[in-house]
Amino acid sequence: LIMKNNSNKRKEKNMMKIIRKSSRINPVILLLSIFLIFFSLNLQVVSAVGVVPAKTEFDFMPKTEQNITINIINNELKDMAVIVYTEGPLKDLLDLEPTKITLLATENIKTFTVILSLPAHLDRPGTQEIPIIIKEVPYEDEQEDNTVVSATIEVVHKVKIKVPYPGKYIEADM
């Protein structure tokens with residue numbers, strides 16, 4: 001009986017040692033965790049150019065024109081230039097004027113209008129999208145004879161046209 005108690009006590013002591021060792025925090029993991037938390041809290045995601053609203057939706061109405069007002073946001077309040085263009089199979093439905101827009105450091109927002117000219121019919125039913133891309137380009141005053149490598153930012157405004165299905169159909173939302 002005494003030997004069994006000693007044996008059980010040794011097992012308990014061994015188990016306690018294992019628990020103590022496993023409960024220690026690895027200092028490398030601790031430092032990495034602190035660094036990642038600190039880095040993620042200080043990370044600021046800001047782009048120089050923004051667009052409001054992000055999308056515009058229309059119901060398809062044959063042979064009509066819609067004016068779309070888009071605001072370009074100068075988040076960094078710096079002199080900048082942007083080009084505005086569109087792509088995709090329905091890009092010819094949009095009239096983009098002007099295609100190059102200059103924002104001064106004193107301008108927080110610049111507004112421009114796009115005209116959507118809808119035809120008599122569209123071949124594909126459902127929601128059709130036309131992206132309007134606003135891309136920051138080097139500002140003319142900053143350009144010199146030197147070669148410069150830089151990154152550019154693009155933001156997209158989506159024009160959505162809801163074309164009805166022929167005949168009877170059901171729309172469901174979740």
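Tabulated data
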| quantity | calculated |
| --- | --- |
| Looking only at the stretch 95-134, and only at residues there that are closer than 30 Å to Pro166 by Cβ and either basic (Lys, Arg) or under 23 Å from the mean Cα position of the chain (by Cα) (or both), the one that is most open to solvent (accessible area, probe 1.4 Å) | Arg124 |
| Strands (runs of 3 or more DSSP E) lying entirely in the stretch 69-174 (those with 3 or more residues that are under 18 Å from Val49 (Cα atoms)) | 80-86, 100-103, 109-117, 126-137, 154-163 |
| Matching residues in the stretch 135-155 - criterion: being modelled with pLDDT of 90 or more and either β-branched (Val, Ile, Thr) or loosely packed, with under 11 Cβ neighbours inside 10 Å (or both) | Val155 |
| Cross-chain or 6+ apart pairs with Cβ under 8 Å, the stretch 90-119 first and modelled with pLDDT under 90, then buried (at least 17 other Cβ atoms within 10 Å of the Cβ) and of a type in the set (Ser, Thr, Tyr) | Leu96/Thr86 |
| Pairs where the first residue, in the stretch 126-138, is over 25 Å from Ala172 (Cα atoms) and the second is hydroxyl-bearing (Ser, Thr, Tyr) and part of a loop (DSSP other than H, G, I, E, B), C-beta under 8 Å, 6+ apart | Lys135/Thr152; Glu136/Thr152; Val137/Thr152; Pro138/Ser150 |
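The values are calculated or read from the model by the stated rules, or taken from the named source; none is laboratory data. Just so you know, these numbers come straight off a predicted model, no measurement behind them. Ideal geometry is used to build each Cβ from the backbone, glycine not excepted, and the neighbour counts take in all protein chains shown. Surface areas here come from the heavy atoms of the whole protein model, side chains and all, with no ligands, DNA or RNA. Shrake-Rupley method; radii C 1.70, N 1.55, O 1.52, S 1.80 Å.
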